[in-house]
1. Being assigned to a loop (DSSP other than H, G, I, E, B) and surrounded by 17 or more Cβ atoms within 10 Å (Cβ to Cβ) is the filter here, so list the residues in segment A:9-56 that pass it.
2. Return the total of residues in segment B:154-169 being near ligand 2 (Cβ under 9 Å from one of its atoms) and free of Cβ contacts under 8 Å to residues at least 24 places away in the same chain.
3. Are any of the residues in segment B:245-256 more than 16 Å from ligand 2 (Cβ to nearest atom), out of contact with any Cys (no Cβ under 8 Å at 6 or more places or on another chain) and either under 21 Å from B:W109 (Cβ atoms) or within 14 Å of chain A (Cβ to nearest Cβ) (or both)?
4. Mind checking whether some residue in segment A:95-109 is at pLDDT below 95, away from chain B (no Cβ under 14 Å), open to solvent by less than 10 Å² (accessible area, probe 1.4 Å) and more than 16 Å from ligand 1 (Cβ to nearest atom)?
5. Restricting attention to segment B:142-170, and to residues there that are among the aliphatic types (A, V, I, L, M) and within 15 Å of ligand 3 (Cβ to nearest atom), which single residue is nearest to B:G208 (Cα to Cα)?
6. Name the single residue that is farthest from ligand 3 (Cβ to nearest atom) among those in segment B:180-195 being within 13 Å of B:C145 (Cα to Cα) and at the interface with chain A (Cβ under 7 Å from one of its Cβ atoms).
7. In segment A:198-213, is there at least one residue being open to solvent by 30 Å² or more (accessible area, probe 1.4 Å), at pLDDT 95 or above, assigned to a helix (DSSP H, G or I) and closer than 30 Å to B:N115 by Cα?
8. Listed residues A:V70, A:V142; which is assigned to a helix (DSSP H, G or I) and touching a residue at least 24 places away in the same chain (Cβ under 8 Å)?
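The values are calculated or read from the model by the stated rules, or taken from the named source; none is laboratory data. Please read all numbers here as calculations on a predicted model, not as lab measurements. Using ideal geometry, Cβ is built from the backbone for each residue, glycine included, and neighbour counts are taken over all protein chains shown. Side chains included, ligands, DNA and RNA excluded: accessible areas come from the protein's heavy atoms. Shrake-Rupley method; radii C 1.70, N 1.55, O 1.52, S 1.80 Å.
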Amino acid sequence: MLEKALSGSKLYWGWLVCLLILMAAGFASYLVQYNEGLVITGMSRDVSWGFYIAQFTFLVGVAASAVMLVLPYYLHHYKDFGRITILGEFLAISAVLMCILFIFVDLGKPTRILNVMLYPTPNSILFWDMIVLNGYLIINLVAGWVTLESERKQVAPPGWIKPVIYLSIPWAVSIHTVTAFLYAGLPGRGFWLTAILAPRFLASAFAAGPAVLILLGYLVKKLTNFDPGKAAFETLAKIVTYAIILHIFFFFLEVFTVFYSNIPGHMDHMKYLYFGYHGYNALVPWMWAALICGFAAIVLLVNPRTRQNTTILPIACVLVFICTWIDKGMGMIAGGFIPNPLHEITEYAPTALELLVTFGVYATGAFVLTILYKVALGVKEEEAAL
Amino acid sequence: MGVDRRKFLKIAGISAALGLGGSVGWQLLRPGQLDAAEEPWNTPYQWVTRDHGALKEVPNPRALKGKRWGMAVDMKKFTPATAKAAVEACNYYHNVPSIPTKQDIKWIWLAPYKNVFPEVENPMAGDYTDMDYITMCNHCDQPPCVRVCPTKATFRRDDGIVLMDFHRCIGCRFCMAACPYGSRSFNFQDPRPFIKKQYDGFPTRAKGVVEKCNFCAERLAVGKLPYCAEASGGAMIFGDVDNAGSALRKALRGRYSIRRKPNLGTNPQVYYLV
Ligand code: SF4
Ligand code: SF4
Ligand code: SF4
């Protein structure tokens, strides 16, 4: 099927070339980092994880959200998702790939990455995260590819693929839960030390992922003959609506516990993020922008008239994306480190090279996604022509 | 058995004690170092020949043995000069670089009471809350850094010392997120240019790995006390927490002591006498 990726319009090739240029820039920046060390990033002794780990966390959510298509389609036989499920599975593949790349570029000694397998350490959550992420990648590759292959051959998918697909449902939940456990079990970090972290992660993921998928769906519809179908968009939009409301709701649960209990170790991070702390307030505008976007999205999505409007829905999806991306991609990781365990404040901002590496990883993900979508849409077109 | 091989093994023995793994012992060889190793009592292991000519390692009989090492810190006994000397002794003998940015490396340092003991501030106490406190790895009995490390590069030895294997660490920095005391540092860059005067008896680190206070494991192996305790003028008392007769236990019997964030269940083994 891969040959379908080898023919395409000028736009297709132009896009791939653009991505390749970005990938090259990212790779060159990574080589600088590889030679000089993580000194080229904005990270510090106090904020020892930064942009890379934040993007990783966000993208695990995007990957997990494929379950929002797989579950209705395969468990509830929701036919309207028939055409779009493969797009969700392929989005998950590229997202997991980016997750793995972000972990890799964050390592101080990347050449030793195999030590995680050579000295397996089950008490480390990172060990389990590696297992669930790689497992999820394989499951989605197999499930996506095999179903597409049989669709192309106009035969029913082989029977053994069903259990694999069913397995992907709890597995999707597991990847984001385990990722939340990376943070939620650390005794000295009050911001993360909360049982709501995993549900919060899942809620924002199930808002962000389907929102991205809606946007991709519109794009695909515009650029190709393939139409995911009105009903699919509408159902996805409902999923985004519920999830973004839950996301904001969970956030306020956290706010209540933190501020009503008045325990400084939990409160100070929130204070830093939303009001500034001892004069340090680099993230304050971002966090409020996220909240405002979240509320605006809820207003647009709850009302069926605006939700079903094909120009407003994409806007709402962009708002959801901004809200959840700032929340996880900027606030969640740095916020946990500020103030540090000695209640000192070191702020964090990514450097230009760090951003270039980040763009490079995103470009790699987009490249893989483009190829996978090209193949999937090629098969769908072929099928439609028959 | 050639002398060279014996020398090599002695060095390998040191590196094994430092948690570097025997296979990489050669990395420690540096000019002048062999001379120091010539004196058998300065090596953690003696090497004896068995019947078949094979070498068997025998621990240095002078090595200090403990069930659970700990440290008591008496800030009142410090003068500014001895406090500085304790910090500087550690920095020098462990090749801790001094990097003038927020990506610095610290094993032991001084910080105000309110930072070392956040959330147990007591504005009325005066006196002991007005001082700066020595801050270092607590060699926790239940160390979160060990719990999270995905490669066992950070591990707890049977005598309670939490050690690092610089040759296994992948630099994921999970341990830094996990340590509730900010005791760990990451080598964001090659630290060597930032070492003012290099000490050849201890390995320097490479960029990309985490490091921290090692309770002077290399000193205990040759029967000596930690550098900082030695330089502290009696203000830092090192000893076996599980031995009721140890100097440490005596110090803890006579005075009230506090520990950092005991509510987190880490059971820190650095005690501050107040
Ligand atoms: S103080 Fe930090 S680094 Fe030291 S043992 Fe405890 S958790 Fe680990
Ligand atoms: S940085 Fe090194 S010591 Fe720390 S958790 Fe990762 S592998 Fe273990
Ligand atoms: S015990 Fe040794 S390593 Fe730890 S701070 Fe003191 S001198 Fe440094």
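1. Going through segment A:9-56, the residues assigned to a loop (DSSP other than H, G, I, E, B) turn out to be A:9, A:37, A:41-50.
The answer is A:G37, A:T41, A:G42, A:M43, A:S44, A:R45, A:D46, A:V47, A:S48, A:W49, A:G50.
2. Total satisfying the criteria: 0.
3. Pass one, segment B:245-256, residues more than 16 Å from ligand 2 (Cβ to nearest atom): B:245-256.
Pick out the ones that are also out of contact with any Cys (no Cβ under 8 Å at 6 or more places or on another chain) and you get B:245-256.
Right, trim to either under 21 Å from B:W109 (Cβ atoms) or within 14 Å of chain A (Cβ to nearest Cβ) (or both) and you get none.
No, that holds for no residue.
4. Quick first cut of segment A:95-109, residues at pLDDT below 95 only: none.
Among the residues of segment A:95-109, not one is at pLDDT below 95, away from chain B (no Cβ under 14 Å), open to solvent by less than 10 Å² (accessible area, probe 1.4 Å) and more than 16 Å from ligand 1 (Cβ to nearest atom), which makes the answer no.
5. Here is the first cut: in segment B:142-170, the residues among the aliphatic types (A, V, I, L, M) are B:146, B:148, B:153, B:161-164, B:170.
Adding the requirement that they be within 15 Å of ligand 3 (Cβ to nearest atom) leaves B:161-164.
Values: B:I161: 23, B:V162: 19, B:L163: 17, B:M164: 13 Å.
Applying the filter and picking the extreme gives B:M164.
6. Within segment B:180-195, the subset within 13 Å of B:C145 (Cα to Cα) is B:180-185.
Keeping just the survivors that are at the interface with chain A (Cβ under 7 Å from one of its Cβ atoms) gives B:180-182, B:185.
Details: B:P180: 18, B:Y181: 13, B:G182: 14, B:S185: 12 Å.
Looking at residues that are within 13 Å of B:C145 (Cα to Cα) and at the interface with chain A (Cβ under 7 Å from one of its Cβ atoms), I get B:P180.
7. For segment A:198-213, residues open to solvent by 30 Å² or more (accessible area, probe 1.4 Å), at pLDDT 95 or above, assigned to a helix (DSSP H, G or I) and closer than 30 Å to B:N115 by Cα: absent.
8. None of the other options fit; the residue is A:V70.
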